[in-house]
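Structure first, then comments.
Read-outs: derived from the displayed coordinates by stated rules, not from any lab. On a predicted model such as this, the values are computed, not experimentally measured, just so you know. No Cβ is skipped: glycine too gets one built from the backbone with ideal geometry, and neighbour counts run over all protein chains shown.
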Amino acid sequence: MPDMTIANKTFSNNSWQSILEEIKEEVAPLLSQGQVAAYIPELGRVDKNKFGMAVRLINGDLFEIGDSKTNFSVQSISKVFTLTKAFSILKDELWKRVGKEPSGNPFNSLIQLERENGKPRNPFINAGAIVVADCIANNYDDPLNYMIRFIRELADNKNLKLNVNVFQSEKKTGHRNAALAHFMKSYGNIQSEVGDVLDLYFGHCSLELNCVDLSNAFLYLANHGTHPISGKTYLSASQAKRLNALLLTCGTYDAAGDFAFKVGMPGKSGVGGGIAAIIPGLLSISVWSPGLDKHGNSLAGVKALELFTTKTGISIF
Ligand code: GLU
């Protein structure tokens, strides 16, 4: 591909690749310092020394490094795909059931829900994603398989599947999520059976993708809701703007302010150690390193994205 000039800098294929190489080297000392998400027992077994990254430009060019093709548990990153579906079905009616403000609380907190009458602050905290899952469960006979097919299409990978051990592990130990769902049902904000909604929620969190899959799957958000390669539209430009705004303000747990400050991209993290982010009109990027910081974001992953926007001089700002 020809060189591109962005923000007064010229990028060749070699320069994208050497930026990724420098990042990999610079984050190496951080890999051992994070903690894996042992509260989901199956995730506690993942090797902390993994690191992968992939960048997909909207012209289709792909640059990748390290363990970019190793599958990992996407966890909360999948909430972006369920939100996309629910938003495209319910349109602005969705916001009657889930808010759009940062929560400032841990992602699995119960306290705020009681104060706010069972309406979760935003669709990315667990309670919000459970409401979103309910919206999908109400619309499809086999919602989990429907979502898996949808995510396969976005990622352009027909082989994506869920990790049954992670699914069972979450189902067995996800008492807090069950509490959130029952609590919201008591306010009428869950319509399907709680067990069915949780199966969908745990199911989509247990999907395994790799960095290349994720950078494909986020590309429509970098291109105003339409996948630039397949040409398929998943959200209107206005909806994509809104979803990206939610990613910036609520996508990285209660460290979203710090993430925006350091990284300058809308992104979503998951406790499996993945983070996917975008720059509208330009690219999607994903990173995976399983060791987490105290907020639940990948320690080396956040640093890698910060280095990417610093070294390239490209961010949304
Ligand atoms: N399935 C995880 C949970 O419900 C998702 C957590 C996350 O990645 O934020 O606890």
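Data for the structure
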| read-out | value |
| --- | --- |
| Prolate/oblate/rounded label for segment 26-101 (Cα gyration tensor, a/c 1.5) | oblate |
| Local electrostatic count at residue 300 - Lys and Arg +1, Asp and Glu -1, tallied over other residues with Cβ under 12 Å | -1 |
| Listed residue pairs exceeding 32 Å between alpha carbons, taken from 171/232; 161/232; 158/241; 50/311; 9/294; 48/79 | 171/232; 9/294 |
| Charge context of residue 51, other residues only, Cβ under 14 angstrom, K/R +1, D/E -1 | -2 |
| Computed label-point distance, nm, for sites residue 229 and residue 261 using a 7 Å Cα→Cβ extension | 3.6 |
| C-alpha long axis of helix 126-137 to longest principal axis of the chain, angle in ° | 80 |
| For peptides 130-140, 6-16, sequence by mean Cβ density within 10 Å, most packed first | 130-140, 6-16 |
| Inter-centroid distance (Cα atoms) of segment 108-155 relative to segment 278-317, Å | 25 |
| Per residue convex hull volume, Cα atoms of the chain, in Å³ | 113 |
| Segment 1-137 - Rg and Dmax from Cα coordinates, angstrom | 19.6, 55 |
| Crossing angle, helix 13-27 versus the chain [Cα axis fit, 0-90 degrees, rounded to tens] | 60 |
| Candidates 90, 198, 110: whichever shows maximal mean-square fluctuation once the chain is modelled as a Gaussian network with Cα springs under 10 Å | 90 |
| Percentage relative contact order, segment 171-247, counting C-alpha pairs under 8 Å, at least six apart | 16 |
| Kirkwood Rh in Å, taken over segment 94-243 so that all alpha-carbon pairs contribute | 16.3 |
| Highest-fluctuation residue, 293, 141, 47 considered, GNM on the chain with Cα pairs under 10 Å | 141 |
| Nearest-ten-degree value, helix 175-186 long axis tilted from longest Cα axis of the chain | 60 |
| When segment 209-317 is reduced to its Cα atoms, the Kirkwood hydrodynamic radius in Å | 13.7 |
